[in-house]
1. Out of all DSSP beta bridges in segment 60-196, what portion is antiparallel? Express it as a percent rounded to 5.
2. Taking the Cβ-Cβ separation of Gln81 and Leu104 as r and a Förster radius of 22 Å, what is the calculated FRET efficiency to the nearest 0.05?
3. Determine which residues of segment 206-241 fall in the zone a paramagnetic label at Ser59 would reach in this model, i.e. backbone nitrogen under 20 Å from the point 7 Å along Cα→Cβ.
4. Using θ = phi - 60° and the Karplus curve 6.51 cos²θ - 1.76 cosθ + 1.60, what whole-Hz ³J(HN,Hα) does each residue of segment 251-266 get, with Gly and Pro shown as x?
5. Tell me the accessible surface of Glu212 in square angstrom (1.4 angstrom probe, heavy atoms of protein chains only), to the nearest ten.
6. With every protein chain kept in the model, how would you rank Ile189, Ile250 by accessible area, 1.4 Å probe, largest at the top?
7. Considering the zone a paramagnetic label at Ala121 would reach in this model (a point 7 Å from Cα along the Cα-to-Cβ line), which residues of segment 139-161 have amide N under 20 Å from it?
8. Give Lys34/Lys157; Lys34/Lys293; Lys34/Lys192; Lys133/Lys192; Lys133/Lys181 a once-over and call out the pairs whose C-alpha atoms are over 25 Å from each other.
Amino acid sequence: RAVSRVALVSDQMASKRPRADETQSGYPEVMHPKPRGEGLPGLTRSRNEADHAVITPESRVWCGLPGWDPRCSGAYLASPQMNGALFTMCLVKMPNGACAGPALPGVERFILVVEGGITAALSEMSFRLSAVKSGGDDVVGEYIYLPPDKASTWSIKAEGATTILMFEQVYRPSPHRIDDKPSVELGFIDDKPTLDPGAPEVFTLRKLLPLEERFDFNIHVMDFEPGQFLHCNEMHYNQHGMLMLEGQGIYRLGQGDGRWYHLRAGDAVYMAPYCPQWYAALEPGRTRYVLYKDTYRDPLLTGSTGAGYKHNAKYQAGIF
């Protein structure tokens, strides 16, 4: 009788878990995390280590962004000031009607709408993007990638109070395909096919950009059901910028015994090259996080630690 009662409770809990195929309604906990009772002012779960950083919502510092509507404000969660980072990851708050500034020359830009919506336009071509998939028949996606020849010329305008997650980096053309340029890409996360992460991994993996050499990074979205975890304690030359969109879990990061972090929606992580990393999802619902990963480039040509914009500006110009 006791066994059947436990099984019944387990089945009831499983039936309440959000599933990846439910109607998308944005990621409200990124900007409005549930009260967790952290306690006294001054306490934080944020930490900056040699090979990783964790930035939690109470540690975000908002500032104006050069070239943007002065009503906008951004909180940088990763940048080349961090050990090994070749990109920036930034949350941006945009009031209704506010316009984004242009990207720097040679810089590519990826935008995910976290709350609200935007219009992306160039001349007579215009696309509406929304955090809510059912936001209208003319809504074509919740994310957009703008290659370096477009990121400085397209206009981005907020429709209502909007929050976006933005990744930027200097584009690095492949020495083997100099004339093969990336294209504008947009869509909904859950419309992308799920990919095999490789046995024995069981999490759900989607990649939002084409798996082609003309793209020098990709954006992964990874879903874990409670109790699922990475079987591989990964360690690789690629760097990551990650934002928890839903759920909670344990991330183990760093050398030796490492550090163990209880992460939840709204928390951001930077992982430097060769930072050991492992994740396990906790109840009550699925984990979903979005992850930047540099890819399709020889590590001999990706620059030294902290090289940042100046090195990649030379790379973008073809000075190898």
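1. Numbers: 40 of 42 bridges.
Just about 95 percent of them are antiparallel.
2. Computed FRET efficiency for Gln81 and Leu104 comes out at 0.85.
3. Answer for segment 206-241: 239-241.
4. 10, 9, 9, x, 7, x, 6, x, 10, 10, 10, 8, 10, 8, 3, x
5. Answer for Glu212: close to 80 Å² accessible.
6. Highest to lowest solvent-accessible surface, that is Ile250, Ile189.
7. 139-147, 150-161
8. The pairs that break the limit, which is 25 Å between Cα atoms, are Lys34/Lys157; Lys34/Lys293; Lys34/Lys192; Lys133/Lys181.
The values are calculated or read from the model by the stated rules, or taken from the named source; none is laboratory data. These figures come from a predicted structure and were not determined experimentally. Positions of Cβ are backbone-derived with ideal geometry, glycine not excepted, and every protein chain shown enters the neighbour counts. Protein only, heavy atoms only, side chains kept; ligands, DNA and RNA dropped before computing areas. Shrake-Rupley method; radii C 1.70, N 1.55, O 1.52, S 1.80 Å.
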